[in-house]
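What follows is a set of notes on a single structure, which appears directly below.
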Amino acid sequence: MGDAKPYLISKRLVWEAWKRVKANRGAAGVDGESIEVFEKDLKGNLYKLWNRMSSGSYFPPPVRQVEIPKQSGGTRALGIPTVADRVAQTVVKMVLEPVVEPTFHPDSYGYRPKKSALDAVATARQRCWRADWVIDLDIRAFFDSLTTT
């Protein structure tokens, strides 16, 4: 029973996740390992990742922070995970998304498959023609001012 893994993650799933990560390209993470370098020992890297994920011993490494310029001026911090962590995140997404996606409210648009900010704008536009009232609020510090009673 020593070979039993507590999490059922197939090697095929890790392979499919790798193909998605490779197709998306992207920069190296904090370890400096590019997709091309990761690919030099692809079999070993994917096996190690699968083994750690399926045994429950995978812990994500730190994320490389890069400052990117904003159109309005200033910068925004962007986190770049390692290639292996991007594969791990994709595995988790592929497993969880079909389970949790049906529970989201239809008006939830953020980071959802086949939904975009333009879809949200289109819905808002349609509703503006049906109602003659609007709620306008700035949520920047909304949760800073909530109190419990």
Legend entry - Net charge over other residues, Cβ less than 11 angstrom from the Cβ of Gly29 (K, R count +1; D, E count -1): -1
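Hull surface divided by four, with the convex hull built on the Cα atoms of the stretch 17-149: how many nm²? Don't skip to the answer; put the middle values down first.
Working: hull surface 52.8 nm².
Result: 13.2 nm².
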Inset, instruction - Mind giving me the nanometre distance, one decimal, between the label points for His105 and Arg130, set 7 Å out from Cα along Cα→Cβ? - result: 1.4 nm
Inset, instruction - Mind jotting down the distance between the C-alpha centroids of the stretch 1-70 and the stretch 103-138, whole Å? - result: 35 Å
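Every number in this text was worked out from the coordinates using simple rules, so none of it is lab data. What you see is a predicted model, and the numbers here were worked out from it, not measured in a lab. Note that each Cβ is placed from the backbone with ideal geometry, even for glycine, and that neighbours are counted across all protein chains shown.
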